[in-house]
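Here you go, one structure.
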Amino acid sequence: MTRWVSESLYEGCHQSFRADKILYEEKTEHQELIIFENDYMGRMMTLDGIVQTTDRDEFMYHEMISHVPIFAHGDAKNVLIIGGGDGGVLREVLRHKNIQCTIVEIDASVIDMSKEFFPNHSKGAFEHPNCNLVIGDGLKFVKETKDRFDVIIVDSTDPIGPGQVLFTADFYQDCSNILSDKGILVTQNGVPFYQADEVTNTYIRMSPYFDYMSFYVVAVPTYVGGFMTLAWASHNPDAHKRDVIDIRKDYEAEGFKTKYYTPEIHVASFALPPYITELMQGRDE
Ligand code: SAM
């Protein structure tokens, strides 16, 4: 019998994918993990019934959440990833020469199974000499670490289950404290067409701790509903305005190819439609 995996994220509508082959299913210590094959999307991963990543469109999200803050900073040496156990963000971050990267993921099963079933996500990045892997809670890590980071990337699940703490004012304040002078924080912030509250709440909870806070956008087919927002906060109020010519120089000097990110898309991604900017005026719940 054909099995369909349905995403249960929004009230009143959902998307479903045909599981042409179930590859792995586990109730880990933290969440329900399913990895399956879909004819169109390739391999897919869900956690607690919510799509995390697919072979076919992962590059869009992973390139935009990694290269925008790193090229905007211009001299990032020390990067922190919170979550990101599939390895896609780590792969993109470590394409930059001279970057040391610490990744803090709460669920070791996500890493182990991603290495096995999504080898092209990490492409060996967990074994890279510049990778420091920590298995633990991101909230605890940012509270206790003595290190300082130029860029922090929060590649989390949605604000339910273990990811919930990564959407709190407490967490954002601790991230602010461990960023270097011109540091940049970016976080996965949902699809505002469906998850409007996430933009409003993040704006209210995050903006007090930074000189500048806004969002930028990326369209990812499996994060259905139009643009996804990535929250942007920095101690440098001008980082998001870096000139496209300067970004292009750095991008060409790195010499790697991308499939979604370009310096021009980088600059354009900060232009927000009014239905998103209006959400920044709302009140916290
Ligand atoms: N790109 C995906 C998305 O937006 O749906 C997120 C992918 S990544 C698999 C999310 C990871 O965040 C998961 O592996 C999960 O275990 C991890 N995570 C959730 N809560 C966490 C926490 N408190 N500390 C560290 N990692 C956490």
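Looking only at the stretch 65-77, decide whether some residue is within 15 Å of the ligand (Cβ to nearest atom), under 23 Å from Ile135 (Cα atoms) and either open to solvent by 10 Å² or more (accessible area, probe 1.4 Å) or not basic (Lys, Arg) (or both).
yes
So, one more: How about the stretch 121-206: which helices (runs of 4 or more DSSP H) wholly inside it have at least 2 residues that are away from the ligand (no atom under 14 Å from the Cβ)?
169-177, 196-206
Residues of the stretch 15-40 being open to solvent by less than 30 Å² (accessible area, probe 1.4 Å), within 16 Å of Asp86 (Cα to Cα) and aliphatic (A, V, I, L, M), which ones?
Once the filter is applied, which keeps residues that are open to solvent by less than 30 Å² (accessible area, probe 1.4 Å), within 16 Å of Asp86 (Cα to Cα) and aliphatic (A, V, I, L, M), the stretch 15-40 yields Leu33, Ile34, Ile35.
Every residue in the stretch 1-22 that is farther than 26 Å from Val191 by Cβ and either in contact with a helix residue (DSSP H, G or I) (Cβ under 8 Å, 6 or more places away or on another chain) or not hydrophobic (A, V, I, L, M, F, W, C) (or both), please.
Selection gives Thr2, Lys21.
Here is a list: Ile50, Ile82, Ile70. Which entry is touching a residue at least 40 places away in the same chain (Cβ under 8 Å) and touching a Leu at 6+ places or on another chain (Cβ under 6 Å)?
None of the others qualify; the one that does is Ile50.
Let me confirm something: among Asp170, Asp147, Asp238, which residue is in contact (Cβ under 8 Å) with a residue 40 or more places away in the chain and acidic (Asp, Glu)?
Asp147
So, in the stretch 1-14, how many residues would count as being over 21 Å from the mean Cα position of the chain (by Cα), open to solvent by less than 90 Å² (accessible area, probe 1.4 Å) and over 20 Å from Phe117 (Cα atoms)?
The total comes to 4.
Shifting gears a bit: How many residues does the stretch 8-40 hold that are within 18 Å of Asp155 (Cβ to Cβ) and assigned to a loop (DSSP other than H, G, I, E, B)?
Adding up the residues that qualify gives 4.
Looking at the stretch 11-26, is at least one residue at pLDDT 95 or above and touching a Cys at 6+ places or on another chain (Cβ under 6 Å)?
No, every residue in the stretch 11-26 fails to be at pLDDT 95 or above and touching a Cys at 6+ places or on another chain (Cβ under 6 Å).
Only one of Arg43, Arg95, Arg56 is farther than 25 Å from Thr145 by Cβ, modelled with pLDDT of 95 or more, assigned to a loop (DSSP other than H, G, I, E, B) and open to solvent by 20 Å² or more (accessible area, probe 1.4 Å). Can you tell me which?
Criteria check complete, one pass: Arg56.
Before we move on, is Val218 at pLDDT 95 or above, surrounded by 21 or more Cβ atoms within 10 Å (Cβ to Cβ) and not acidic (Asp, Glu)?
When the stated conditions are applied, Val218 does not pass them.
Okay, moving on. Residue check, Tyr61 against (1) assigned to a loop (DSSP other than H, G, I, E, B); (2) hydroxyl-bearing (Ser, Thr, Tyr); (3) within 11 Å of the ligand (Cβ to nearest atom), all met but one. Which one?
Unmet condition: (1).
Just checking, which of Ile135, Ile103, Ile111, Ile153 is open to solvent by 10 Å² or more (accessible area, probe 1.4 Å) and β-branched (Val, Ile, Thr)?
Only one candidate qualifies: Ile135.
The values are calculated or read from the model by the stated rules, or taken from the named source; none is laboratory data. Every value quoted in this text rests on a predicted model; they were computed, and no experiment measured them. As a convention, Cβ positions derive from the backbone with ideal geometry for all residues, glycine included, and neighbour counts pool all protein chains shown. Surface areas here come from the heavy atoms of the whole protein model, side chains and all, with no ligands, DNA or RNA. Shrake-Rupley method; radii C 1.70, N 1.55, O 1.52, S 1.80 Å.
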